[in-house]
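Just so you know, all these numbers are worked out from the coordinates, no wet-lab data involved. Please read all numbers here as calculations on a predicted model, not as lab measurements. Note: ideal-geometry Cβ built from the backbone for every residue, glycine included; neighbour counts use all protein chains shown.
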Amino acid sequence: MISSLEGGGSERQALLVLRRLNRTIFAPELYLLRRSGSLLGQVPADVPIHCFEESIEADAAGWLSWPGKVHGAQVAHLTRLLRERSIDVIYDRTFHMSLIAAPAAVGCGVPRVATIVSPPSRALPLNGGRFLAIKRRRLRAAYSEASAVITVSHPTAGDAARYYGLPRSRFIVIPNPVDAEAIDTVVGRFPRPHRDSRYTIACVGRMSAEKGQEELLTAFDRLLSLYPEFPLPKFWMIGNGPLRESLRQAVERSKWQDHFEFLGHLEHPEPWIAAADALCVPSHFEGFPNVMLEAMALGVPVIARSLDVTRSLGRLPTDPAIRGRDYLATYVDSPSQRGVTLARSIRRLKLNPTATRSRVAAALRLARETLSPTTIMPRIEQTLIEAIKGRR
């Protein structure tokens, strides 16, 4: 279950699961609220798609509704679908879908595995809309009732336990897998993006406040003032969102247009990541950012804000040869020196190629071995199987 198939990390992970589930055990079906998004064409041909907006329940809800009416229609549609299709287990990927899946699952006696993809203390207030207190209580109940709750990192699990007042043992940590084979296929299928000789940094993601793209502009200004001899980099700004226009206008006012290229949403950003000298992830919070993992799998250096999740990479069960390594070039920003530490990280990354190569080699092994679908998918499949067995 996922709301739609727009080009976000959760949607890409849902597609990966649909592609990689063992077909000798599972016959997956996809539930959407809206049949929309650039990734729709990537749904495997053997996966039936069910859509709320195309249902009789959606028609009955009508255009005029009171609070809770559409949600009730969504629960009714899913409940009917679970019974008609004889579904054995639900796998919901976001808190929006958990709110729908939980009452439907209880009503039908269908086991459910939920996934929390971002720290809820930050994600729910930012993306939850109205009636946050009610949604928080309902999500606490939803995660209490689920057969299992997967979180994508240890910091996310700890945050969820504190935010929902549930035992830490309620949450299983299974990091997002990285489908390196699929990434390699996409990179090989498309022509290499044109670029010049400048040091080029890709920034991929929804352009909204929590993603921190405005910090790249500040860091660029700090490079100009602190290191006038340093060759200024080029930034590929990939993605759409509410801040895209204001960021573009800020670049135009600063007369840095030649150093920032706004490419919009790309269905396949992987070739651009592969062609860049580095990827920057300036997010203020993340669950387990897929774009970072894709860059690691491609052997592209990553510059990222120092967050609990980026620091937690060293806790993953890895080959002893790379355990505890610094996989990323991280920076810590402060209000008094905004952009300074990011500027320094960009400069160090370019001027220290030996250290960068060592970090990249360790990150490549982490992404392609520890986080490969052959390693991670059996853990997700076993969680689903145990949920079904628990019902019986």
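General observations
- Helices (runs of 4 or more DSSP H) fully within region 83-154 counting 3 or more residues that are more than 23 Å from the chain's Cα centre (by Cα): 95-108, 132-145
- Residues in region 222-247 that are outside any loop (DSSP other than H, G, I, E, B), surrounded by fewer than 15 Cβ atoms within 10 Å (Cβ to Cβ) and under 30 Å from the mean Cα position of the chain (by Cα): E245, S246.
- Selection status of A60, loosely packed, with under 14 Cβ neighbours inside 10 Å and assigned to a loop (DSSP other than H, G, I, E, B): no
- Hey, R195 surrounded by fewer than 17 Cβ atoms within 10 Å (Cβ to Cβ), touching a strand residue (DSSP E or B) at 6+ places or on another chain (Cβ under 8 Å) and either within 30 Å of I388 (Cβ to Cβ) or not polar (S, T, N, Q) (or both) or not: yes
- Looking across L166, L139, L124, one residue alone is closer than 24 Å to I87 by Cα and either out of contact with any strand residue (DSSP E or B) (no Cβ under 7 Å at 6 or more places or on another chain) or surrounded by fewer than 22 Cβ atoms within 10 Å (Cβ to Cβ) (or both). It is L139.
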